[in-house]
Amino acid sequence: IKQPPSNPPPRPPVEARKKP
Amino acid sequence: IILQTYRAIANYEKHSPSEMAMATGDVVDVVEKNESGWWFCQMKTKRGWVPASFLEPLDSPDEPEDPEPNYAGEPYVTIKAYTAVEEDEVSLAQGEAIEVIHKLLDGWWVVRKEDVTGYFPSMFLQKSGQ
Amino acid sequence: IILQTYRAIANYEKHSPSEMAMATGDVVDVVEKNESGWWFCQMKTKRGWVPASFLEPLDSPDEPEDPEPNYAGEPYVTIKAYTAVEEDEVSLAQGEAIEVIHKLLDGWWVVRKEDVTGYFPSMFLQKSGQ
């Protein structure tokens, strides 16, 4: 299975969100 | 080639067959970093103790594998006190003589003390006479 | 010896170092069934796609590994429409010309359209002129 999923990955989990 | 090793920072449930679920703390080797943000990873083999109650047999998920109950009861003694948390559990002090009726694989045995019956942690029980 | 194979029926977070965390659906080989209800298991090796945003490098967890931003902006075009879900994302129709400012590894790139800036899925973007 070398094709990644066709939908965007989830945003970073809240605890990991970097300030833009 | 040496693969980079990463750690999961949160639980991830898979949403499609080509994905891999992760539990916080899982260690993975990254095989391919796709710029879509999906990385193809291989889970590092891990081992450890898990509660049997969280597992089902892969081949026969519904086949009961617990031993048969023994309603006559087998004499055991409590080696540690335990206070019931759920209403179907039994509270017992240390050193109490009880009878074990059903040795369930998940470690919660059905025990009887006089006319009270309920679940009790098997790790706090010892066979009588030992 | 052939080990029995079981599947996790729920997520299990570990509470002590000797335990093993599991995600629903994980397949494990049972090495030892302790009558306490704790079973010593070995996780079957598994592979699959996971979101990079759920991973941190094992050795240098805080070292940023994202490429530097390019505030001049690089011309890209949207190949698929996307409607913002979180307030820091940008909604764009298909075929819109935009500028990519920061290609983050988690696949959510910072893009600019006139005076609007925000995150947009990299898989819906294509370099201009291709």
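Odds and ends about this structure:
- Per DSSP, loop chymotrypsin sites (Phe, Trp or Tyr not before Pro) in the range B:84-130 with at most 11 further Cβ within 10 Å: none
- Counting Cβ atoms of other protein chains within 10 Å of each residue's Cβ and taking the mean over peptide C:3-13 gives 5.
- Over chain C, Cα pairs under 8 Å with separation of 6+ residues give a relative contact order of 16 percent.
- Each of C:Thr24, B:Thr83 was scored by other Cβ atoms within 10 Å of its Cβ. Listed from fewest to most, they are B:Thr83, C:Thr24.
- Anisotropy class of chain C from Cα gyration tensor, a/c 1.5 cut: prolate
- Charge context of B:Ser36, other residues only, Cβ under 14 angstrom, K/R +1, D/E -1: +1
- Given R0 = 22 Å, the distance between the Cβ atoms of C:Glu13 and B:Lys44 translates into a calculated FRET efficiency of 0.80.
- Cα centroid separation, the range C:6-38 to the range B:63-130 (Å): 23
- The range C:94-130: GluC sites (Glu not before Pro) falling in loop per DSSP and having at most 12 other Cβ within 10 Å: C:Glu114
- For the range B:69-81, backbone phi angles converted through the Karplus equation (6.51, -1.76, 1.60; θ = phi - 60°) give residue-by-residue couplings of x, 10, 5, 4, x, 10, x, 10, 10, 7, 9, 8, 6 Hz, Gly and Pro being listed as x.
- Average partner coverage of C:81-92, which counts Cβ from other chains inside 10 Å: 1
- Given C:Lys44/C:Lys103; B:Lys14/C:Lys46; B:Lys113/C:Lys33; A:Lys2/C:Lys80, the pairs whose alpha carbons are separated by over 24 Å: C:Lys44/C:Lys103; B:Lys113/C:Lys33
- Distant-in-sequence amide contacts of B:Val31, defined by a placed amide H-H separation under 5 Å and a gap of 5 or more residues or a different chain, comprise B:Phe40, B:Cys41, B:Gln42.
- Interchain or long-range residues, amide H under 5 Å from B:Ile9's placed H: B:Gly25, C:Leu55, C:Glu56
Read the figures in this text as sums done on the coordinates, not as results from a lab. Owing to the predicted nature of the structure, the values given are computational and were not obtained by experimental measurement. Note: ideal-geometry Cβ built from the backbone for every residue, glycine included; neighbour counts use all protein chains shown.
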